[in-house]
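Working notes for the structure below.
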Amino acid sequence: MTDYECGERYFLHAYGRLKPVMDHGEGCYLYDTEGHKYLDFYSGIGVNSFGYGYPKYTEALKKQLDRVTHVSNYFYTPESVKAAKRVCEATGLHQLFFCNSGAEATEGALKLARKYYYMEKGKADSEVISFNHSFHGRTTGAVRLTGNENYQKAFGPLINQVKYADLNDLDSVKALVTDKTAAIIVEPLQGEGGVNPCTKPFLQGLRKLCDDKGICLILDEVQCGMGRTGTLMTYMQYDIMPDILCLAKGIGAGVPIGAFVANEKYAKAMEPGDHGSTYGGNPFVCAAVNAVFDILEEDHILEHVQKVSKHLVDGLEALTQEFDCVEGHRGIGLMQGLVVKPKAADVEMAMIKEGVIVITAGPHVVRMLPPLIISEEQVDEAINTFRKVLKQF
Ligand SMILES: *Cc1c(COP(=O)(O)O)cnc(C)c1O
């Protein structure tokens, strides 16, 4: 049996997996078990911010392996305390909870918002507003927040009262608000649903609506946060603050950790016994978080993202001009989507065959999430591969 066949035999078929079996990575390239080389333009879905084998990152983890990897949340560790302080200080928020994934971050944020509502109103009958084409994770709670029927329909009855509004349509949100609305959850830049950025008036309008009505504004930056869009968090480009922020993916940059981070008002609603996680924020994954912050600061990654993403956008604009099968492009920083007329999955496959890994975001958007350290030359490599591939469509 090949490794691929062995995988198909023993894994539940939750994914339609691609044929190459990945062996190892180096810089911004991945290598499969047959020795083929791939330019990484997806970072393991927005996770591997510093590519593969980035010395400051791997050395920090190796050092932590020899100290201690896990103690549970019976105790603080120097690593977890440092990581929590850095996340709170960098975001301007008050307190956080470390979990292991994005879905756990959105679920935890939801629990905190509902707990606050319960303490205010004395009733557990809250409602939540989310958005069509959103993505908030795959657990039964998080999939309810996700405004996409395909991810939900087989798994009913779903828990939570959730209604779905349209992104960038403030009136569609206002129409759903009731006196039971506890929270609105939104991605400032939708990832999975098609790389759709919120407009500034819309996100600022949501903030004002939440302030006026006493609703908790939850920003899900699991994909668009941690430097991906050229600022530490995407909301920083909108001049607003969340009440609760959800993080995962890039915060660990290759190890499983997530977080929900609350301002002082909502943080107070969390009391001992309300929530927990055995692994959440253990010293190994927190050492990674600390390395991520060190690298972002010391190696001037945000400035690099701002510069290299301009080069990428220029390249995508050129493709839009050159090819009839390209309708346009959208995104912020190093989270970009190319809108194509053919099936995005067909373009994705053709790109991978030519040695560049991109992914999709909905039926007609090819999504790009390269490592934050990608160079202009590597961007050119990807754009030129698009040129070669798009000719076939
Ligand atoms: C990936 C993602 C999640 C879910 O994260 P997991 O770690 O897969 O549970 C939630 N929200 C957004 C915006 C995401 O991109």
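The values are calculated or read from the model by the stated rules, or taken from the named source; none is laboratory data. The structure presented is a predicted model; accordingly, all values stated were derived computationally and were not measured. Cβ atoms come from the backbone with ideal geometry, glycine included; neighbour counts cover every protein chain shown.
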Considering each of I244, I215 in turn, give the residue that is β-branched (V, I, T), more than 25 Å from V292 (Cα to Cα) and modelled with pLDDT of 95 or more. I215
Of all the residues that make up the range 183-227, how many are among the charged types (D, E, K, R) and closer than 15 Å to L145 by Cβ? 4
What tally of residues in the range 22-59 results from selecting those that are over 22 Å from A248 (Cα atoms) and part of a loop (DSSP other than H, G, I, E, B)? 4
Just one of (1) crowded, with 24+ Cβ neighbours inside 10 Å; (2) more than 13 Å from the chain's Cα centre (by Cα); (3) closer than 18 Å to S134 by Cβ trips up K153, so point out which. (1)
Exactly one of these conditions fails for L245: (1) of a type outside the set (F, W, Y); (2) within 13 Å of the ligand (Cβ to nearest atom); (3) part of a loop (DSSP other than H, G, I, E, B). Give me its number. (3)
Every pair of residues 6+ apart whose Cβ atoms lie under 8 Å, when the first sits in the range 86-100 and is assigned to a helix (DSSP H, G or I) while the second is surrounded by fewer than 16 Cβ atoms within 10 Å (Cβ to Cβ): C88/H94
Only one of M226, M236 is more than 11 Å from the ligand (Cβ to nearest atom), surrounded by fewer than 20 Cβ atoms within 10 Å (Cβ to Cβ) and of a type outside the set (F, W, Y); which? M236
Answer yes or no as to whether L219 is free of Cβ contacts under 8 Å to residues at least 60 places away in the same chain, under 20 Å from T106 (Cβ atoms) and assigned to a loop (DSSP other than H, G, I, E, B). no
Residue list for the range 87-146, restricted to those being away from the ligand (no atom under 12 Å from the Cβ), farther than 18 Å from A262 by Cβ and of a type in the set (A, V, I, L, M, F, W, C): A124, I129
Considering only the range 313-324, how many residues are in contact with a helix residue (DSSP H, G or I) (Cβ under 8 Å, 6 or more places away or on another chain) and surrounded by 14 or more Cβ atoms within 10 Å (Cβ to Cβ)? 5
Positions within the range 169-207 being among the charged types (D, E, K, R) and within 15 Å of the ligand (Cβ to nearest atom), in sequence order: E187, E192
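This table checks each residue for (1) in contact with a Lys or Arg (Cβ under 8 Å, 6 or more places away or on another chain); (2) surrounded by fewer than 20 Cβ atoms within 10 Å (Cβ to Cβ); (3) more than 30 Å from N132 (Cβ to Cβ).
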site	(1), (2), (3)
D294	yes, yes, yes
D299	yes, yes, yes
V308	no, no, yes
H311	no, yes, yes
G333	yes, no, no
Q336	yes, no, no
P363	yes, yes, no
R367	no, no, no
P371	no, no, yes
What are the residues in the range 381-392 that are surrounded by fewer than 18 Cβ atoms within 10 Å (Cβ to Cβ) and within 19 Å of S49 (Cα to Cα), if any? E381
